[in-house]
Amino acid sequence: MHPKPKLFHGKFILVNIFPGHKHPLRPFSSDNTSLPIVTELISKQHWKSLKTHLQNASPITLLQQLLDSRVDPCLTLRYFNWSEKEFNLSHSLEHSCMLIHSLANAKRYPKMRSFLYSFVKNENSISVSSIFHAISVSGDSFCASSIIADMLVLAYVNNMKSHLAFEAFKRAGDYGFKLSAVSCNPLLSALVKEDKIEDVEYVYKEMIRRRIEVNAISFNTVINGLCKVGKLNKASDVIQDMKAWGVLPDVITYNTLISGYCKKGRIGKMYKADAILKEMIANEVRPNEITYNILIDGFCKDENLMAAMKVFREMETQGLKPTVVTYNSLINKLGLEGKLDEASGMLDDMVGSGLKPNVVTYNVLINGYCKKGKMKEATDLFDDVVKQGISPTVVTYNTLIYAYCKDGRMEDAFALRESMVDKGTFPDVTTYNCLISGLCREGNITAVRKLINEMLNKGLKVDVVTYNILVDALCNDGESRKAARLLDEMVKMSLRPNHVTYNTLMDGYCREGNLRAALNVRTRMEKEGMRANVATYNVLIKGLCKKGKLEDANGLLNEMLEEGLIPNRMTYEIVKVEMVDKGFVPDIEGHMYNISGS
DNA sequence: ATAGGGTTAG
């Protein structure tokens, strides 16, 4: 047997002789005559015998010899894993890379995947750049290096280390290693989930530049990411890209875009969503149940239950059966409108048509009862659900806990928290936020502090909502200046204040009569790239009215309409009470004159 | 590896 050329022999022997190692550096054997015996022992997993055979020789030297020999890399892998565990050591990065290269050359792909998965899982100290360096110097096959890099990216994604996956993606470009959609698509998907839209766009552009295979899933994922952050025009551009690339938009592409429009809070969004539906039909892409579910939920969220019901009926004429999700959207809307009889009638219809309600169905119905203050009905339904053998989720508990808090029944709220823990459902940030808001309403700051410490001790992190609750509590105490300091604290905790944060603070200043400060908050918000929304205008319009500046308030009202924002019930209420009832006739166009309706 | 429903803050 001719030993393979030992390209890195000298170098790696030196690397592995690190000081303080408990094993003497004596080689396992002066010649390789016993290697066949050793491989036999490894293949039969006679670890005890192997250990006796090894005696005091270095397990690292044996690894080196196995890597240098022509032994089946799977045996070397088996020895690698055993020796790490047995001697409580970590083999060097270079040896790991040599092993992965030999597995790659033997096309042992599943073994490579699991090796890289556990490597990435356990390894927190080695930088991505040194891993890439080691990959490139530990093997001579460029193709193998590309496959390894590809699997490494995927291993990072699967270990929820998308930041490192992204870095590995960039390094792979530096080395010219060719990645595939198998790793890049999951990377895109992970980045979308984390709202890292700049990184999504970077990966997408690089995939095209590096001529990585871009398929429908890649395009759809990017479109979804852009829709999620409201960049709908860019999303449409990507559809053009995909056509140019010879990939036709499919039902998922259109559904993603329709959903994007449904969630955007601008004038005519449902009109636009409907236009895309027509476009997809024109392009001979058949809408499916999900398309209809998106539209139905969109209309419900747009306060247009009539239109939602119309689409619901149209769905049947298209030969598509409503699903549990369809019913859940409608039951949710009916419940929130307080139409609880209709909501439970809908539940009966759903069961009648052979569909089995799930926990979401019950959550929305329970929420409907809670929002109407019918706690008895809500808890009865909860008991019913449990009796049916459906496990309540953390959302079910949070719904009830919040209702108790809002009702001032803090003991009941805390008791339900105890009970959920007993049943093995653990409180999350939302549970704590509900309790914190209840305690703030009671003015029990000591208890709030205690709860926040408790959640931190449990490894839960406070979020934007937690801060918003505290900002509101301070503003209600006439302490808007202190509330403003919380914004700085948030930023230090790398939490981004959102519209609610700014609007709450503006409202606090307005109620203190400090309009100048409120307007400064708006400026600060816009500097952060966040445009005023309907609620922002409502707060400021009300603030101006309270100061008697009806002309200025009317100016803001017009500005809001020009921005394409839809006035809501609150807007009408403010305009009616603060302007119309005081004899001021708003000088605006269209539906704003119709003050009586909502 | 891509699309749809449920809880909290103003």
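Checked against (1) crowded, with 21+ Cβ neighbours inside 10 Å; (2) in contact (Cβ under 8 Å) with a residue 40 or more places away in the chain, A:Met112 meets all criteria but (2). Screening the candidates A:Leu67, A:Leu54, A:Leu35 for the property of being at pLDDT 90 or above, open to solvent by less than 80 Å² (accessible area, probe 1.4 Å) and of a type in the set (A, V, I, L, M, F, W, C) yields one hit, A:Leu67. Of all residue pairs spaced 6 or more apart or on separate chains, those with beta-carbon atoms under 6 Å, a first member in the range A:401-428 that is closer than 11 Å to A:Met375 by Cα and a second member that is open to solvent by 30 Å² or more (accessible area, probe 1.4 Å) and not in a loop (DSSP other than H, G, I, E, B) are A:Tyr404/A:Asp412.
Just for the range A:524-543: of the residues that are charged (D, E, K, R) and assigned to a helix (DSSP H, G or I), which one is farthest from A:Thr571 (Cα to Cα)? Among those residues, the one meeting the criterion is A:Lys527.
Taking the conditions (1) open to solvent by less than 40 Å² (accessible area, probe 1.4 Å); (2) assigned to a helix (DSSP H, G or I); (3) touching a residue at least 24 places away in the same chain (Cβ under 8 Å) in turn, A:Ile252 satisfies each one other than (1). Taking helices (runs of 4 or more DSSP H) as the structural unit, those lying wholly within the range A:277-352 and holding at least 1 residues that are acidic (Asp, Glu) correspond to A:289-301, A:305-317, A:340-352.
The residues in the range A:544-569 that are in contact (Cβ under 8 Å) with a residue 12 or more places away in the chain, surrounded by fewer than 16 Cβ atoms within 10 Å (Cβ to Cβ) and assigned to a helix (DSSP H, G or I) can be counted, and the count is 4.
The listed residues are A:Ala216, A:Ala172, and the only one of them that is open to solvent by 20 Å² or more (accessible area, probe 1.4 Å) and modelled with pLDDT of 95 or more turns out to be A:Ala216. Going residue by residue through the range A:233-246, is there one that turns out to be under 23 Å from A:Ile208 (Cβ atoms), part of a loop (DSSP other than H, G, I, E, B) and within 24 Å of the chain's Cα centre (by Cα)? The answer is no, given that none of the residues of the range A:233-246 is under 23 Å from A:Ile208 (Cβ atoms), part of a loop (DSSP other than H, G, I, E, B) and within 24 Å of the chain's Cα centre (by Cα).
The residues of the range A:529-559 that are under 31 Å from the mean Cα position of the chain (by Cα) and either farther than 22 Å from A:Asn498 by Cβ or within 14 Å of DNA strand B (Cβ to nearest atom) (or both), listed by number, are A:Met530, A:Arg531, A:Ala532, A:Asn533, A:Val534, A:Ala535, A:Thr536, A:Tyr537, A:Asn538, A:Val539.
Among all positions in the range A:248-270, there is at least one residue which is more than 30 Å from A:Met530 (Cβ to Cβ), outside the structural domain of A:Asn498 (by TED's automatic domain parsing) and more than 8 Å from DNA strand B (Cβ to nearest atom). Within the range A:189-196, identify whether any single residue is among the acidic types (Asp, Glu), modelled with pLDDT under 95 and more than 19 Å from the chain's Cα centre (by Cα), and answer yes or no. No - not one qualifying residue is present in the range A:189-196.
Residue-wise test of (1) within 14 Å of DNA strand B (Cβ to nearest atom); (2) small (Gly, Ala, Ser); (3) farther than 24 Å from A:Val394 by Cβ.
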residue	(1), (2), (3)
A:Met306	no, no, yes
A:Val311	yes, no, yes
A:Gly335	yes, yes, no
A:Leu340	no, no, no
A:Gly354	no, yes, yes
A:Val364	yes, no, no
A:Tyr369	yes, no, no
A:Gly373	yes, yes, no
A:Thr379	no, no, no
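All of (1) touching an Asp or Glu at 6+ places or on another chain (Cβ under 9 Å); (2) of a type in the set (Phe, Trp, Tyr); (3) not in a helix (DSSP H, G or I) hold for A:Tyr369 with one exception: (3).
Sub-6 Å Cβ pairs linking a first residue in the range A:44-59 that is over 15 Å from A:Arg78 (Cβ atoms) to a second residue that is crowded, with 16+ Cβ neighbours inside 10 Å, at least 6 apart or interchain, are A:Ala57/A:Phe28, ordered by first then second residue.
Applying a threshold of 8 Å to beta carbon distances and a minimum spacing of six or more residues, or different chains, the list of pairs starting in the range A:262-276 at a residue that is on the phi < 0 side of the Ramachandran plot and ending at one that is in a helix (DSSP H, G or I) and of a type in the set (Phe, Trp, Tyr) reads A:Lys269/A:Tyr261; A:Met270/A:Tyr261; A:Met270/A:Phe299; A:Lys272/A:Tyr261; A:Ala273/A:Tyr261; A:Ile276/A:Tyr254; A:Ile276/A:Tyr261.
The values are calculated or read from the model by the stated rules, or taken from the named source; none is laboratory data. Source: prediction; values computed, not measured. All Cβ positions, glycine included, derive from the backbone under ideal geometry; neighbour counts span all protein chains shown. SASA here: full protein model, heavy atoms, side chains in, ligands and nucleic acids out. Shrake-Rupley method; radii C 1.70, N 1.55, O 1.52, S 1.80 Å.
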